[in-house]
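Below: one structure, written as structure tokens.
The values are calculated or read from the model by the stated rules, or taken from the named source; none is laboratory data. Computed from a predicted model, the values in this text were never measured in an experiment. Positions of Cβ are generated from backbone atoms using ideal geometry, with glycine treated the same way; all protein chains shown enter the neighbour counts. Accessible surface is based on the protein model in full, side chains and every heavy atom, while ligands, DNA and RNA are left aside. Shrake-Rupley method; radii C 1.70, N 1.55, O 1.52, S 1.80 Å.
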Amino acid sequence: MPTLELTVNGTQRTVEVRNRTLLVEMLREHLGLTGTHVGCDTSQCGACVVLVDGVSVKSCTMLAVQAEGAAVTTIEGLANGAGLHPMQEAFREHHGLQCGFCTPGMVMSAVDLANRNPDPSEHEVREWLEGNLCRCTGYHNIVKAVQAGARAMGGAS
Amino acid sequence: MEDFQYHAPGSVDAAVSLLRDAEDGKVVAGGMSLLPLMKLGLAAPGGLVSLGKVSGLDGIADRGSEIEVGALCTHAQVAAAEIVRERIPALAAMAEGIGDAQVRNRGTIGGSVAHNDPAADYPAACLALGATIATDRREIAADDFFLGMFFTALEEDEVITAVRFPVPTRAGWAKFPNPASKYAVAGVMAADGPAGVRVAVTGASGDGVFRVAEMEAALASSFEPASVAGVSVSAEAMLSDDAAGPEYRAHLVTVMAKRAVEEA
């Protein structure tokens, strides 16, 4: 089995995977990082979004071996100890979730947007979240949370 | 998903020789088309040759009369590139409308063109702009490249290295996306450039991307939305799915063509 070296949430990891192992399977099943969710498993819903080298990707549609040498950030890697990341804090403050299943992917996607655009308009947020589905909220508070979180991040994650 | 051999060579030449040696080998770049097919069991390559470690294929260069886009450029890169936005804004708009942000972050121009999904956007841009597809061994005009649904002129062990787009005088893109997948139900690029006036349609036909000669002739005499508004295409070869039946798709082709000309 291939041995993979990569950085996950700032820590160097060595993982044995199969070639067919998906990045999300490696994160959840090999490393126990179950904050990254699997929703549709067909690259539509965005529950599995993580950052690979700072860029948001759907981890159900990337092979673990494709992340060889990369730096992966999951929802578990955002908070600094007990303090929430500004984007997480904004989702809490603006009640940008109900059941919470889509939230990890929403937050990771939002962090990527905020890194590109520190003050996105409502329209820009809604366009950006095209690939993140929420079946509870109707998106309204998510959009508010992303705008507030982006401003709080001040353009840096 | 069945397991497979996986290789991540550092050069195009090495990728070609690995493909030659692999049993039922496939190139993978971003994997946005291939991996979903593999997960569904619709593709089961014996060997994957990843281009992820090949450098030098992700640049976008101004070559004067042409813009050269490296095969590994992601849709996000093409959409954001100043050169593309200034010189071929229709191409940037097209790239910006593919899938969603995460798909655009991974999916590449080379992958989209090589896969030739009948509902992918890039084949229409290549055909309308008269692009040239450069590979490890030759250059192929877009006219000779797209040979039908999921079928191209590429040989089994051939690797795309770049796509070159002649800069048009004007070009416009309009797409009616499937609301779930964002693939084109009907997408049209209308261009007036070095390759002449061209109208290329994706998403609509079971034969893949195609040109509409009658619209091109009408636009050649007057490049106005009204010129194409009255030109309809036959519903005979149109795709049919949950999003649209053949008659509606044929109707959308005319509407999107009109909007594409408006955008140009």
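Sequence-ordered 3J(HN,Hα) estimates for segment B:173-178 from the Karplus curve with 6.51, -1.76 and 1.60 and θ = phi - 60° stand at 10, 9, 9, 9, x, 4 Hz, glycine and proline given as x.
Computed over neighbours whose Cβ is under 12 Å from that of A:ARG20, the net charge equals -1, Lys and Arg +1, Asp and Glu -1. Counting charges near B:LEU154 (Lys, Arg +1; Asp, Glu -1) among other residues having Cβ under 13 Å from its Cβ returns a value of -4.
Using C-alpha pairs below 8 Å separated by at least 6 residues, the relative contact order for chain B is 16 percent.
Partner lysines whose Cα lies under 25 Å from the Cα of B:LYS39, excluding those fewer than 8 positions away in the same chain, are identified as A:LYS58, B:LYS26, B:LYS53, B:LYS182.
So, with a 1.4 angstrom probe, what is the percent of accessible area on the protein assembly as shown that is carbon and sulfur?
Ligands and nucleic acids excluded, carbon and sulfur reach 47 percent.
Calculate the mean, over all residues of peptide A:37-44, of how many other protein chain Cβ atoms lie within 10 angstrom of the residue's Cβ. Intermediate results must be reported in sequence, preceding the final value.
Numbers: counts 0, 0, 0, 0, 2, 5, 11, 7.
Rounded to a whole number, the mean comes out at 3.
Distance from the Cα centroid of segment B:22-75 to that of segment A:12-35 is 23 Å (rounded to whole angstrom). In segment B:79-122, the residues that give up 20 Å² or more of accessible area when the other protein chains are added, compared with the chain on its own (1.4 Å probe), are B:ASP100, B:ALA101, B:GLN102, B:ASN105, B:ARG106.
When the Cα centres of segment A:103-126 and segment B:189-264 are compared, how far apart do they sit, in Å? Between the Cα centres of segment A:103-126 and segment B:189-264 lies a distance of 35 Å.
Counting only heavy atoms of protein chains, what accessible area per residue, in Å², does the protein assembly as shown have with a probe of 1.4 Å?
Here the residues of the protein assembly as shown average 41 Å² of exposed surface.
Note on chain A: with a GNM built from Cα contacts shorter than 10 Å, the maximum mean-square fluctuation among A:GLY105, A:GLY69, A:GLY83 falls on A:GLY83.
Other residues with beta-carbon under 13 Å from the beta-carbon of A:ALA148 carry, at +1 per Lys or Arg and -1 per Asp or Glu, a net charge of -1.
List every residue whose amide H lies under 5 Å from the amide H of B:ALA162, counting only residues 5 or more places away in sequence or on a different chain, with H placed 1.01 Å from N in the peptide plane. Answer set, sorted by chain and number: B:ALA71, B:ALA134. In terms of accessible area, using a 1.4 Å probe and ignoring ligands and nucleic acids, B:ASP136, B:ASP13 rank largest first as B:ASP13, B:ASP136. For chain A, averaging the sequence separation of C-alpha pairs within contact (under 8 Å, six or more residues apart) and dividing by the residue count gives a relative contact order of 24 percent. Leaving ligands and nucleic acids aside, the A/B contact buries around 2100 square angstrom of accessible area in total at a 1.4 Å probe radius.
So what is the relative contact order of segment A:86-153, in percent, for Cα pairs below 8 Å that sit 6 or more residues apart?
On the way: 90 pairs, mean separation 38.3, N = 68.
About 56 percent, as a whole number.
Helix content alone sets the calculated 222 nm mean residue ellipticity of chain B: runs of n ≥ 4 DSSP H residues at -39500 (n - 2.57) each, divided across all residues, give -9500 deg cm²/dmol. Cross-link partners for B:LYS258 among the aspartates and glutamates, with Cα-Cα distance under 15 Å and sequence neighbours closer than 8 places in the same chain left out: B:ASP192, B:GLU214, B:GLU216, B:GLU224. Contact residues in segment B:1-33 (at least 20 Å² less accessible area with all protein chains than alone, 1.4 Å probe): B:MET1, B:ASP3, B:PHE4, B:TYR6, B:MET32. Phi angles of segment B:239-244 translate, via the Karplus equation with coefficients 6.51, -1.76, 1.60 and θ = phi - 60°, into HN-Hα couplings of 6, 9, 8, 4, 6, 6 Hz per residue; Gly and Pro are given as x.
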